[in-house]
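**Student:** What follows is a structure written as structure tokens; I'll ask about it next.
The values are calculated or read from the model by the stated rules, or taken from the named source; none is laboratory data. Only a predicted model underlies this, so the values are computations on that prediction, with no experimental measurement involved. No Cβ is skipped: glycine too gets one built from the backbone with ideal geometry, and neighbour counts run over all protein chains shown. Protein only, heavy atoms only, side chains kept; ligands, DNA and RNA dropped before computing areas. Shrake-Rupley method; radii C 1.70, N 1.55, O 1.52, S 1.80 Å.
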Amino acid sequence: MTAITLVQGDITGQQVDAIVNAANSSLLGGGGVDGAIHRRGGPDILAACRELRASHYGKGLPTGQAVATIAGQLDARWVIHTVGPVWSGNEDRSALLVSCYREALRVAGELGAKTVAFPAISTGIFGWPMDDGARIAVRTVRETATDSVEEVRFVLFDDYAYGEFAEALAAQG
Ligand code: AR6
């Protein structure tokens with residue numbers, strides 16, 4: 001069974017097999033986690049993303065899907081890029097957020113990754129409420145079987161995010 005751990009900090013400093021990026025469909029960078037990954041990981045990651053855009057993902061990576069690249073100068077073997085949904089108050093997009101965690105884990109399993117670091121997808125620039133984002137993240141990882149993944153590490157940027165994930169983890173056992 002996959003162990004779930006929580007740490008507070010910067011996801012780009014994690015030593016794991018795969019770091020999950022909260023990207024956007026363009027795959028060509030942005031702010032938040034995405035900006036930090038490209039800054040610290042160096043230009044090779046962006047070059048790999050450009051290749052994906054020139055081949056399989058001409059129209060970009062659809063929301064809820066995931067794709068891996070090299071990890072450049074990060075202390076990881078792969079970056080798994082996934083695109084979370086933008087929060088909406090009048091439309092339930094939670095299936096897409098579930099899909100991000102599931103698809104990222106599926107890709108991690110295909111790669112044979114044992115340790116995977118996740119940010120709180122969609123809870124920054126995309127506006128998803130942290131309490132709900134944390135519940136969805138923890139539940140989906142709990143319910144998703146993978147062949148290789150031994151540890152999923154949620155890397156939370158601040159006290160508040162850490163607290164919400166700790167609560168979700170305690171509530172779901
Ligand atoms: N390490 C860990 N967590 C972080 C870090 C970091 N270095 N930086 C921010 N967070 P966000 P999204 C937290 O905005 O909401 C980009 O422009 C942050 O506090 O990175 O999925 C992309 O290109 C929040 O809790 O991702 C997309 O356009 C969580 O990580 C868009 O933002 C996710 O925040 C994606 O928005």
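**Student:** Of the residues in region 65-86, how many are within 12 Å of the ligand (Cβ to nearest atom) and crowded, with 17+ Cβ neighbours inside 10 Å? Walk me through it before giving the result.
**Tutor:** Of region 65-86, the ones within 12 Å of the ligand (Cβ to nearest atom) are 74, 81-86.
From the residues that got through so far, the ones that are crowded, with 17+ Cβ neighbours inside 10 Å too are 74, 81-85.
Going through region 65-86 one residue at a time, the tally reaches 6.
**Student:** Checking the conditions here, which among Ile125, Ile45 is open to solvent by 70 Å² or more (accessible area, probe 1.4 Å), within 16 Å of the chain's Cα centre (by Cα), within 16 Å of the ligand (Cβ to nearest atom) and farther than 18 Å from Ala168 by Cβ? Even if it seems obvious, please write down each step before you answer.
**Tutor:** Values: Ile45 fails: open to solvent by 70 Å² or more (accessible area, probe 1.4 Å).
So the residue among Ile125, Ile45 that is open to solvent by 70 Å² or more (accessible area, probe 1.4 Å), within 16 Å of the chain's Cα centre (by Cα), within 16 Å of the ligand (Cβ to nearest atom) and farther than 18 Å from Ala168 by Cβ is Ile125.
**Student:** Quick one: Arg135 ticks every box in (1) open to solvent by 40 Å² or more (accessible area, probe 1.4 Å); (2) within 12 Å of the ligand (Cβ to nearest atom) except a single one, so which number is it?
**Tutor:** (2)
**Student:** Kindly indicate the residue of region 138-173 that is polar (S, T, N, Q) and not in a loop (DSSP other than H, G, I, E, B) and also surrounded by the fewest Cβ atoms within 10 Å (Cβ to Cβ) among those meeting that condition.
**Tutor:** Across region 138-173, the extreme among qualifying residues is Gln172.
**Student:** Looking at (1) open to solvent by less than 30 Å² (accessible area, probe 1.4 Å); (2) more than 24 Å from Gly112 (Cβ to Cβ); (3) among the polar types (S, T, N, Q), which is the one condition that is false for Gln14?
**Tutor:** Unmet condition: (2).
**Student:** If you don't mind, there's one more thing I want to ask. For residues in region 99-115 being open to solvent by less than 40 Å² (accessible area, probe 1.4 Å) and away from the ligand (no atom under 14 Å from the Cβ), which is farthest from Glu167 (Cα to Cα)? Steps first, please.
**Tutor:** Pass one, region 99-115, residues open to solvent by less than 40 Å² (accessible area, probe 1.4 Å): 99-101, 104-105, 107-109, 112-113, 115.
Of the ones still in play, those that are also away from the ligand (no atom under 14 Å from the Cβ) are 105, 107-109, 112-113, 115.
Working: Leu105: 22, Val107: 27, Ala108: 26, Gly109: 27, Gly112: 30, Ala113: 27, Thr115: 22 Å.
Only one residue fits best here, namely Gly112.
**Student:** Something else about it: Restrict the check to region 22-36 and report whether at least one residue is more than 9 Å from the ligand (Cβ to nearest atom) and either without any contact (Cβ under 8 Å) to a residue 40 or more places away in the chain or of a type in the set (Val, Ile, Thr) (or both).
**Tutor:** No, because not a single residue in region 22-36 is more than 9 Å from the ligand (Cβ to nearest atom) and either without any contact (Cβ under 8 Å) to a residue 40 or more places away in the chain or of a type in the set (Val, Ile, Thr) (or both).
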